[in-house]
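Asker: Following this message is one structure expressed as structure tokens.
The values are calculated or read from the model by the stated rules, or taken from the named source; none is laboratory data. All values reported here derive from a predicted model rather than from experimental measurement. Cβ placement follows ideal geometry from the backbone for every residue including glycine, while neighbour counts extend to all protein chains displayed.
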Amino acid sequence: MVELEHARSILSELGLATASELLDAKIEDAMHKEATYLGFLSELLNAEIQEKRRRSEETRIKLSRLPHRKTLEEFDFSFQPSIDVRQIKELSTLAFVARDENVIFLGPPGVGKTHLAVGLAMQALRSGMTVYYTSLAHLIADLKKAAQQDRLSRRWQVYTRPDILIIDEVGYMQLERTSAELLFRVICSRYENGSIILTSNKYFGDWGELMNDTVIATAILDRLLHHSHIINIRGESYRLKDRLKGGVRVVPPADISVKGNSKNA
Ligand code: ADP
Ligand code: MG
């Protein structure tokens, strides 16, 4: 059919690849259902927009550099009773992002800090937002390298542009002066200007020691905590859950039981 070929090539030229591809099937379907013209048109355009959204989400997930794609639905809240489920539900509405507020997950290794951070991020990505994930160690190393190569301002945008910046694993690495200053600049540039989700195994009182500098630690915490939701998780490591089954307590390996001495979290 010349007409069909023509319509298909126009859709293609307009960049509506999915509509073009599905045209025959949608026409057949519409005839079968005796759909109205308008019904047919909405079906066809809907298929196009669904596919566009899916591709955009996939691209944004890839660009976010999340370590995995775990969702909030996969999180077993019954295992971690210290978490207020209503608070997580409220956060999952993403109103905190619209208000440029921060979310901070505190707790020992294995309690689900990264999982929850990624879960909120997946929710944000699903609703069209942008996210960037980094561990603190990677953030510092990356910005230092960029500074050495004289491309700090370009690299800076990676951390300032996304709707949500996740800074994971604060507390496993001692920060010297330059590193603490870089972190301070990142926090400042997002202050009231974008959300941060941060995870740490260290309580705020220990941050001065972590940065060898109470002045800079206080300045960082001042910005970070001003508009923030703090989720303090006190519980068992999910990684060790099978070993804790049946009431049999197994002493965790030294590297994860010693506070602040883990690379596994
Ligand atoms: P943390 O960042 O606090 O060290 P993670 O979020 O990395 O801990 O959790 C460790 C592992 O256990 C991950 O695979 C995570 O998906 C899983 N996990 C932790 N808590 C839960 C939970 N309550 N329900 C389901 N999986 C969990
Ligand atoms: Mg973690």
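Asker: Tally the residues that are touching a Pro at 6+ places or on another chain (Cβ under 8 Å) and over 24 Å from Ala146 (Cβ atoms), restricting the search to the range 174-229. Write out each step before concluding.
Answerer: Of the residues in the range 174-229, the ones touching a Pro at 6+ places or on another chain (Cβ under 8 Å) are 194, 201.
In the following step, the residues that additionally are over 24 Å from Ala146 (Cβ atoms) were identified as 201.
Residues flagged as touching a Pro at 6+ places or on another chain (Cβ under 8 Å) and over 24 Å from Ala146 (Cβ atoms) within the range 174-229 amount to 1.
Asker: Determine which single condition Ala35 fails, assuming it passes every other condition in (1) surrounded by 15 or more Cβ atoms within 10 Å (Cβ to Cβ); (2) among the small types (Gly, Ala, Ser); (3) assigned to a helix (DSSP H, G or I).
Answerer: Failed condition: (3).
Asker: With Phe75, Phe40 as the choices, which residue is closer than 30 Å to Gly194 by Cβ and of a type in the set (A, V, I, L, M, F, W, C)? Break it down stepwise before answering.
Answerer: Numbers: Phe40 fails: closer than 30 Å to Gly194 by Cβ.
The conditions single out Phe75.
Asker: Return yes when Leu198 is within 16 Å of ligand 2 (Cβ to nearest atom) and either in contact with a His (Cβ under 8 Å, 6 or more places away or on another chain) or modelled with pLDDT of 95 or more (or both) and no when it is not.
Answerer: Working: within 16 Å of ligand 2 (Cβ to nearest atom): yes; either in contact with a His (Cβ under 8 Å, 6 or more places away or on another chain) or modelled with pLDDT of 95 or more (or both): yes.
Here the answer is yes, as Leu198 does meet what is asked.
Asker: Please go through the range 116-130 and give me each residue that is touching a helix residue (DSSP H, G or I) at 6+ places or on another chain (Cβ under 8 Å) and either within 16 Å of ligand 2 (Cβ to nearest atom) or in a helix (DSSP H, G or I) (or both), ordered by number. Don't jump to the end; show me each part of the working.
Answerer: Step one: list which residues in the range 116-130 are touching a helix residue (DSSP H, G or I) at 6+ places or on another chain (Cβ under 8 Å), which gives 116, 119-126, 128-130.
Hits for the range 116-130 are Leu116, Gly119, Leu120, Ala121, Met122, Gln123, Ala124, Leu125, Arg126.
Asker: While we're on this one: Of Glu192, Glu176, which residue is at positive phi and either within 16 Å of ligand 1 (Cβ to nearest atom) or assigned by TED's automatic domain parsing to the domain that holds Glu74 (or both)?
Answerer: Working: Glu176 fails: at positive phi.
Result of the check over Glu192, Glu176: Glu192.
Asker: Anything in the range 149-183 that is within 25 Å of Leu116 (Cβ to Cβ), touching a Lys or Arg at 6+ places or on another chain (Cβ under 8 Å) and in a helix (DSSP H, G or I)? List them, or say none.
Answerer: Residues satisfying the conditions are Tyr159, Thr160.
Asker: Restricting to the range 78-109, and then to whatever is in contact with a Gly (Cβ under 9 Å, 6 or more places away or on another chain) and part of a helix (DSSP H, G or I), can you tell me which residue is farthest from Val186 (Cα to Cα)?
Answerer: Once the filter is applied, the top-ranked residue is Phe79.
Asker: Output yes when any residue across the range 42-65 is part of a loop (DSSP other than H, G, I, E, B) and either modelled with pLDDT of 95 or more or surrounded by 12 or more Cβ atoms within 10 Å (Cβ to Cβ) (or both), and no when none is.
Answerer: Initial filter on the range 42-65 (part of a loop (DSSP other than H, G, I, E, B)): 65.
Add one more test, that the residue is either modelled with pLDDT of 95 or more or surrounded by 12 or more Cβ atoms within 10 Å (Cβ to Cβ) (or both), and what stays is 65.
Yes.
Asker: Confirm whether Tyr172 is in contact (Cβ under 8 Å) with a residue 12 or more places away in the chain and surrounded by 20 or more Cβ atoms within 10 Å (Cβ to Cβ).
Answerer: In short, yes.
Asker: Another question about this same structure. Got a sec? Which of Ser127, Ser135, Ser153 is more than 12 Å from ligand 1 (Cβ to nearest atom), under 19 Å from the mean Cα position of the chain (by Cα) and assigned by TED's automatic domain parsing to the domain that holds Val85? I'd like the intermediate steps shown before the answer.
Answerer: Numbers: Ser135 fails: more than 12 Å from ligand 1 (Cβ to nearest atom); Ser153 fails: under 19 Å from the mean Cα position of the chain (by Cα).
On inspection, the qualifying residue turns out to be Ser127.
Asker: I've got another one for you. Only residues that are surrounded by fewer than 20 Cβ atoms within 10 Å (Cβ to Cβ), part of a loop (DSSP other than H, G, I, E, B) and within 25 Å of the chain's Cα centre (by Cα): list them for the range 184-216, please.
Answerer: Residues satisfying the conditions are Tyr191, Glu192, Asn193, Gly194, Lys202, Tyr203.
Asker: Let me ask something additional. With the requirement that a residue be part of a strand (DSSP E or B) and within 16 Å of ligand 1 (Cβ to nearest atom), what does the range 217-233 give you?
Answerer: Just the residues of the range 217-233 that are part of a strand (DSSP E or B), to begin with: 228-232.
Passing the criteria: Ile230, Ile231, Asn232.
Asker: Looking at (1) touching a residue at least 40 places away in the same chain (Cβ under 8 Å); (2) farther than 25 Å from Leu224 by Cα, which is the only condition Leu44 fails?
Answerer: Only one criterion is unmet by Leu44, namely (1).
Asker: Condition test on Val103, is it assigned by TED's automatic domain parsing to the domain that holds Asp84, within 16 Å of ligand 1 (Cβ to nearest atom), in contact with a helix residue (DSSP H, G or I) (Cβ under 9 Å, 6 or more places away or on another chain) and over 21 Å from His227 (Cβ atoms)? Can you show your working first?
Answerer: Values: assigned by TED's automatic domain parsing to the domain that holds Asp84: yes; within 16 Å of ligand 1 (Cβ to nearest atom): yes; in contact with a helix residue (DSSP H, G or I) (Cβ under 9 Å, 6 or more places away or on another chain): yes; over 21 Å from His227 (Cβ atoms): no.
No: the conditions fail for Val103.
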